[in-house]
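J.: Let me begin by handing over the structure; questions about it come next.
The values are calculated or read from the model by the stated rules, or taken from the named source; none is laboratory data. The shown structure was predicted, so the numbers you read here are calculated from the model rather than taken from an experiment. Neighbour counts are summed over all protein chains in view; Cβ atoms, including those assigned to glycine, are modelled from backbone coordinates with ideal geometry.
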Amino acid sequence: MNNIRSTLAIVWRIAAPYFRSEDKWAGRALLAAVIATELAIVGITVLLNQWNSRFYNALQERNWDTFVSEIIYFSVLAAIYTIIAVYQLYLNQWLQIRWRQWMTRQYLGEWLHQANHYRMQLQGDAADNPDQRMTDDVKLFVERTLNIGVGLLSSAVTLASFVTILWGLSNAAPLHMFGTDFAIPGYLVWGALIYAVLGTVLTHLIGWPLVGIDFRQQRFEADFRFNLVRVRENSEQIALLRGEDAERERLLVRFGRVVENWLAIMSRTKKLTAFTASYSQASVIFPYILVAPAYFAQKIQLGGMMQTASAFSSVQGALSFFINVYRQLAEWQAVLNRLDGFEAGIAAASALATRNERIHVVEAAGDGAIDLKELTVRLPNGTPLVSADGFSLRKDERTLVTGPSGSGKSTLFRAIAGIWPFGAGSIAIPAKATLMMLPQRPYFPVGSLRGAVEYPGKEGTFTAGQIGSALDAVGLPGLATQLDEHAHWNRMLSLGEQQRLGLARALLHAPQYLFLDEATASLDEPSEAALYQLLREKLPATTIVSIGHRSTLDAFHQRNVVLTRDGDRFALQGGGGNSRP
């Protein structure tokens, strides 16, 4: 019972926000329409049950006029049923896509809000496959929730409608055995109830392992798909290293988990299907076995027998709802668990950004330096990495940050950018200051070259002339004619070209603070020197902070800051400038 309450609480938490959202009136109207059409179908089923009695009695009595009128009556009901069924499906699908669209936008917004996606990776949730959560799982949640919810309502209404009919038929056709009538009120109802309860219990005992197996299957499928994408994105490196055999083995190991778990699904599904199929077939004949003695004893007519069998099947079907949808329920439960875990991951990532024990990035008055006070940058496991107190990155001063590999230079940049939550202290950044971080391997979205250069700004922010001038300045004049071409630019361009394109992005956006994390490391020294000279000339008002290992970079910076070992961490050392302009 606690598990059921917990599941319903998760369903309510995930589903309810849509029906309270800005799209609530459309969503509620569509849901009401879907429910109304389902109730109309149940009503038609009740009318058809009554029709059964009249039609088969007419056949037994060979009454031609009644036979013809009942055929016409059935045709009208069938036409109405067809129209309602068509629009029920249409309205259901319309509600599904609106609901899914809203949920996808919400999840995307929360996942991408203030670097939550990055913090989730830091917490080890990268393997949780957010792409699957926002595609397959959202789709299945909406679809299964509607189908199961509407089906449950239909079963409840069907049960309420036909129990009364079946109870009355039980009294009209008493249980007849060994030549004697047994006065058992509503015996057909009790028979249907016992039959359904036994079937439900046995179905659950056989099928409950499918919940966990389905959950693992989705995880293994997503893991296999994720690693296929990784191979595609790193195909050049794999080809250069002749790593195809190693990748094949790694991928086959992951696919082996998919196959192994699928075999477990097959085995459990075979057992479940063997029982449910047998149960369904037996349910066809069971009501006739119960009522046949009364019919052959001439207690009821053929129409009464057929109506009784139809009513019994409706009651038994309503009571057996969970048996009929158990496979869907198992899959739905797994989807709920995954979405619940995804929401928990987003909440945990958001909590990292708002907890008291974190690096506080605050706005400072004026347009002065970036000040680091009592700053301790830690690894996710709590190990101290970098410390700085009373340190400033002064405005209009080009600063070079050096230190051994693993000393936390890039992590310090992440802390200044406000995306690294692990640590303590504060980083004061001038109010309304614009910062741009350029890593060693810049990111370019798949799409037009124009959009790649203008990122993270909207496409069309800059004119073709401005973009062309920036490309020419960084040594990529040939790309100026390809602005409207769509491609995966991280694969199309060499790393050196990507770094040049990243610097063209900086020229266009002209940030007040530009952080270069080995952003020219793939270029030869003369090219690197030319580009640093270009930045100095084109962005005179930009404060440049660089990470680099080449001694030639000293000539382009006024200040050299070194990360040196200080006990269990590295500390920023060096505040003096040099005489270079």
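J.: Inspect the stretch 340-359 for any residue being among the hydrophobic types (A, V, I, L, M, F, W, C), over 30 Å from Ala9 (Cα atoms) and touching a helix residue (DSSP H, G or I) at 6+ places or on another chain (Cβ under 8 Å) and give the result as yes or no. So that I can check it myself, show each step before the final result.
T.: Looking only at the stretch 340-359, we keep the residues that are among the hydrophobic types (A, V, I, L, M, F, W, C), and these are 342, 344, 346-349, 351-353, 359.
Remaining after also requiring over 30 Å from Ala9 (Cα atoms): 359.
Of the ones still in play, those that are also touching a helix residue (DSSP H, G or I) at 6+ places or on another chain (Cβ under 8 Å) are 359.
Yes, the stretch 340-359 contains at least one residue that is among the hydrophobic types (A, V, I, L, M, F, W, C), over 30 Å from Ala9 (Cα atoms) and touching a helix residue (DSSP H, G or I) at 6+ places or on another chain (Cβ under 8 Å).
J.: State all residues of the stretch 384-408 that are modelled with pLDDT under 90, more than 30 Å from Glu537 (Cβ to Cβ) and out of contact with any Leu (no Cβ under 8 Å at 6 or more places or on another chain); if no residue qualifies, say none.
T.: Those that are modelled with pLDDT under 90, more than 30 Å from Glu537 (Cβ to Cβ) and out of contact with any Leu (no Cβ under 8 Å at 6 or more places or on another chain): Ser405, Gly406.
J.: Considering only the stretch 252-301, state which residues are under 16 Å from Leu205 (Cα atoms) and of a type in the set (Val, Ile, Thr).
T.: Correct list: Ile265, Thr269, Thr273, Thr276.
J.: Also: Can you name every residue in the stretch 1-50 that is at pLDDT below 90, surrounded by 13 or more Cβ atoms within 10 Å (Cβ to Cβ) and polar (S, T, N, Q)?
T.: Thr7, Thr45, Asn49, Gln50
J.: Taking the options Ile97, Ile84, name whichever one is surrounded by fewer than 19 Cβ atoms within 10 Å (Cβ to Cβ), under 30 Å from Trp51 (Cα atoms), over 13 Å from the mean Cα position of the chain (by Cα) and β-branched (Val, Ile, Thr). Spell out how you get there, then give the answer.
T.: Details: Ile97 fails: under 30 Å from Trp51 (Cα atoms).
Answer to the check: Ile84.
J.: Of Ala473, Ala529, which residue is assigned by TED's automatic domain parsing to the domain that holds Ser407, in contact (Cβ under 8 Å) with a residue 60 or more places away in the chain and of a type in the set (A, V, I, L, M, F, W, C)? Step through it out loud before you land on a result.
T.: Details: Ala529 fails: in contact (Cβ under 8 Å) with a residue 60 or more places away in the chain.
None of the others qualify; the one that does is Ala473.
J.: Here is a further query. Just one of Asn337, Asn356, Asn324 is surrounded by fewer than 15 Cβ atoms within 10 Å (Cβ to Cβ) and polar (S, T, N, Q); which is it? Walk me through it before giving the result.
T.: Details: Asn337 fails: surrounded by fewer than 15 Cβ atoms within 10 Å (Cβ to Cβ); Asn324 fails: surrounded by fewer than 15 Cβ atoms within 10 Å (Cβ to Cβ).
Testing whether each residue is surrounded by fewer than 15 Cβ atoms within 10 Å (Cβ to Cβ) and polar (S, T, N, Q) leaves just Asn356.
J.: Shifting gears a bit: Checking the structure you have, find out if any residue of the stretch 513-528 is of a type in the set (D, E, K, R) and closer than 28 Å to Ala428 by Cβ. If you could, list the steps in order and put the result at the bottom.
T.: Of the residues in the stretch 513-528, the ones of a type in the set (D, E, K, R) are 517-518, 524-525, 528.
Right, trim to closer than 28 Å to Ala428 by Cβ and you get 517-518.
Within the stretch 513-528, one or more residues are of a type in the set (D, E, K, R) and closer than 28 Å to Ala428 by Cβ.
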